[in-house]
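**Q** Pasting a structure here, questions to come.
The values are calculated or read from the model by the stated rules, or taken from the named source; none is laboratory data. Predicted, not measured: the structure shown is a model, and the values here were computed from it. Cβ coordinates were reconstructed from backbone atoms using ideal geometry, including for glycine residues, and neighbour counts include every protein chain displayed.
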Amino acid sequence: MTSRIIVLSTFIGLGFGFWWQASAQLAPVPVPVENPITESKRVLGKILFWDEQLSSNNTVACGTCHQPAFGGGDPRYGRYTGSDKGTIDDIWGSPGVVHMDENGDSVEHSMFGFEPQVTPRLTPSNFGALWAAEQFWDGRATSEFVDPLTGEIVIASGGSLESQVISPLFNPVEMARPERTWEDLTSKLQMVRPLALASNIPPDMAEAIQSNPDYPSLFEAAFENSDITPVRIVFAIATYERTLVADQTPWDYYMAGDENALSEDAIYGWRVFQELRCVNCHEPPLFTNNDYLNIGLRLSKYDLGRRAITGVEEDGGEVKVPSLRNVGLKARFMHTGEFSRLSEAIVFYDNGIALPGRDDIPNGGAYNFNITGYVPYDLEAFLRNGLTDPRVKNETFPFDRPTLNSESSLQVQELP
């Protein structure tokens, strides 16, 4: 089937004169023709993305778990203990909402008590997802987007970001009470003041809210109709996400011809990155091939990974190869949150990993990186500094954001 998509090459933000243009190193961001980018839709999506009122108990926004200064990931983490704490099935995940009953009242959870529940995988970065045909670690959000109310196919191809938006809004661990409905959410948005719980609201969001002080008027501006529907919520958030192109890293400038963009140790680290064939899976310029692999971090009986979606036994334990852009900003690493330091994640590969079925890897898929033959410091310098967009690190436009109400008590901590 011919894919019905257009691409974002250059877009002028109306009213502010902002330009979004992918670096020459990156392909243009795919944009489905059914959901073209407009400025009013982008800013609505930005408001929705950072509004904690989208959660059932007003404690979690999409942006709570996807913070630019932490590489699009979560600065918080908690222990998901499985059936018994302190055993092999424990991992580090991302805190969500406290356990609630169907009325939205807090109730004690068998694993987390009255503390926020923790997801069984660490939150992935949203920045590297803009080009992917599937979303989430296991790829369960597909390219085809279906209206959750009617079952109608709204986007035939290229709508994985739209598909992804739905799940957290109704996940009883991430953002919702059990049995939450779209009517619950849309009715709530009809009544609340946009970003009522946030402070330090960026200029583009503040101006939009000043002109349209409630959600119906914001939806009217974006869609020429004030009706708040699931498709329009999803379209707005996905539109905002597609403008978050982190393409101004030192590596981007270095590859464009600026020989001084990378430090000497980062240049050597880039060479090591290629010599060790890290590029086979973390393929430039996205620094992911969006494939799914099992590198032995967790037994597949504890997490089926891609197999849970495909039903194929060989996919057991496989998860998506993450983009390494802005990886140096993350608080923890791997889908299990296994490592708290980037250096630990690098050294993990020193003993080699088995990747069966990979014809591009010698010795039948046994991949021995032999990092000890190089200087891990240089490899880390490349990953930490060479692949970090300063706008992401400093949270400047388009990666700027409001201060969330929950951040008054936000800290990196272990939760029970």
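**Q** Are any residues in the range 64-73 crowded, with 21+ Cβ neighbours inside 10 Å and over 15 Å from Glu338 (Cβ atoms), and if so, which ones? Spell out the reasoning first.
**A** First pass over the range 64-73, keeping only residues crowded, with 21+ Cβ neighbours inside 10 Å: 64-68, 70-73.
Once the filter is applied, which keeps residues that are crowded, with 21+ Cβ neighbours inside 10 Å and over 15 Å from Glu338 (Cβ atoms), the range 64-73 yields Thr64, Cys65, His66, Gln67, Pro68, Phe70, Gly71, Gly72.
**Q** Quick one: Leu169 ticks every box in (1) over 30 Å from Glu108 (Cβ atoms); (2) under 23 Å from the mean Cα position of the chain (by Cα); (3) not charged (D, E, K, R) except a single one, so which number is it?
**A** It is condition (1) that Leu169 fails.
**Q** Let me ask you something else. Can you find, within the range 144-166, the residue that is nearest to Trp182 (Cα to Cα) among those that are of a type in the set (Gly, Ala, Ser) and more than 16 Å from the chain's Cα centre (by Cα)? Lay out the reasoning, then the answer.
**A** First, pick out the residues of the range 144-166 that are of a type in the set (Gly, Ala, Ser): 151, 156-160, 163.
Going one step further and asking which of them are more than 16 Å from the chain's Cα centre (by Cα), we end up with 151, 156-158.
Values: Gly151: 14, Ala156: 22, Ser157: 24, Gly158: 23 Å.
Only one residue fits best here, namely Gly151.
**Q** What are the residues in the range 32-69 that are more than 21 Å from Arg242 (Cβ to Cβ) and of a type in the set (Ser, Thr, Tyr), if any? Give the steps one after another, and end with the answer.
**A** First, the residues of the range 32-69 that are more than 21 Å from Arg242 (Cβ to Cβ): 52-53, 55-60.
Answer for the range 32-69, where residues must be more than 21 Å from Arg242 (Cβ to Cβ) and of a type in the set (Ser, Thr, Tyr): Ser55, Ser56, Thr59.
**Q** Counting only residues that are crowded, with 20+ Cβ neighbours inside 10 Å, under 24 Å from Asp303 (Cβ atoms) and among the β-branched types (Val, Ile, Thr), how many does the range 131-187 have?
**A** Matching residues across the range 131-187 total 2.
**Q** How many residues are surrounded by 23 or more Cβ atoms within 10 Å (Cβ to Cβ), part of a loop (DSSP other than H, G, I, E, B) and in contact with a Leu (Cβ under 8 Å, 6 or more places away or on another chain) if we restrict to the range 93-115?
**A** Adding up the residues that qualify gives 1.
**Q** Specify which of the listed residues (Thr81, Thr64) is under 29 Å from Glu183 (Cβ atoms) and either over 17 Å from the mean Cα position of the chain (by Cα) or polar (S, T, N, Q) (or both). Break it down stepwise before answering.
**A** Numbers: Thr81 fails: under 29 Å from Glu183 (Cβ atoms).
Being under 29 Å from Glu183 (Cβ atoms) and either over 17 Å from the mean Cα position of the chain (by Cα) or polar (S, T, N, Q) (or both) holds for just one of Thr81, Thr64, which is Thr64.
**Q** Before we move on, is Ile267 in the same structural domain as Phe49 (by TED's automatic domain parsing), aliphatic (A, V, I, L, M) and in contact with a Phe, Trp or Tyr (Cβ under 9 Å, 6 or more places away or on another chain)?
**A** Details: in the same structural domain as Phe49 (by TED's automatic domain parsing): no; aliphatic (A, V, I, L, M): yes; in contact with a Phe, Trp or Tyr (Cβ under 9 Å, 6 or more places away or on another chain): yes.
No: the conditions fail for Ile267.
Results for (1) within 17 Å of Thr239 (Cα to Cα); (2) in a loop (DSSP other than H, G, I, E, B); (3) not assigned by TED's automatic domain parsing to the domain that holds Ser56, shown as yes or no for each residue.
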position	(1), (2), (3)
Ala132	yes, yes, no
Ser143	yes, yes, no
Gly158	yes, yes, no
Glu162	yes, no, no
Glu179	no, yes, no
Asp184	no, no, no
Lys188	no, no, no
Arg193	no, yes, no
Met205	yes, no, no
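**Q** Got at least one residue in the range 70-78 being in a loop (DSSP other than H, G, I, E, B) and under 18 Å from Arg242 (Cα atoms)? Can you show your working first?
**A** The first filter runs over the range 70-78 and keeps only residues in a loop (DSSP other than H, G, I, E, B), leaving 71-72, 74-77.
If we keep only those that are under 18 Å from Arg242 (Cα atoms) too, we end up with 71-72.
Yes, that holds for at least one residue.
**Q** Being of a type in the set (Asp, Glu) and under 25 Å from Val97 (Cα atoms) is the requirement here; does Glu207 meet it?
**A** On the way: of a type in the set (Asp, Glu): yes; under 25 Å from Val97 (Cα atoms): no.
Against the criterion (of a type in the set (Asp, Glu) and under 25 Å from Val97 (Cα atoms)), Glu207 does not qualify.
**Q** Further question on the same structure: Which of the residues that make up the range 308-337 are out of contact with any strand residue (DSSP E or B) (no Cβ under 7 Å at 6 or more places or on another chain) and free of Cβ contacts under 8 Å to residues at least 40 places away in the same chain?
**A** Across the range 308-337, the qualifying residues are Thr310, Gly311, Val312, Glu313.
**Q** In the range 357-402, what residues are of a type in the set (Ser, Thr, Tyr), outside any helix (DSSP H, G or I) and at pLDDT 65 or above?
**A** Of the residues in the range 357-402, the ones of a type in the set (Ser, Thr, Tyr) are 367, 372, 374, 377, 388, 396.
Among the residues that remain, those that are also outside any helix (DSSP H, G or I) are: 367, 374, 388, 396.
Result: Tyr374, Thr388, Thr396.
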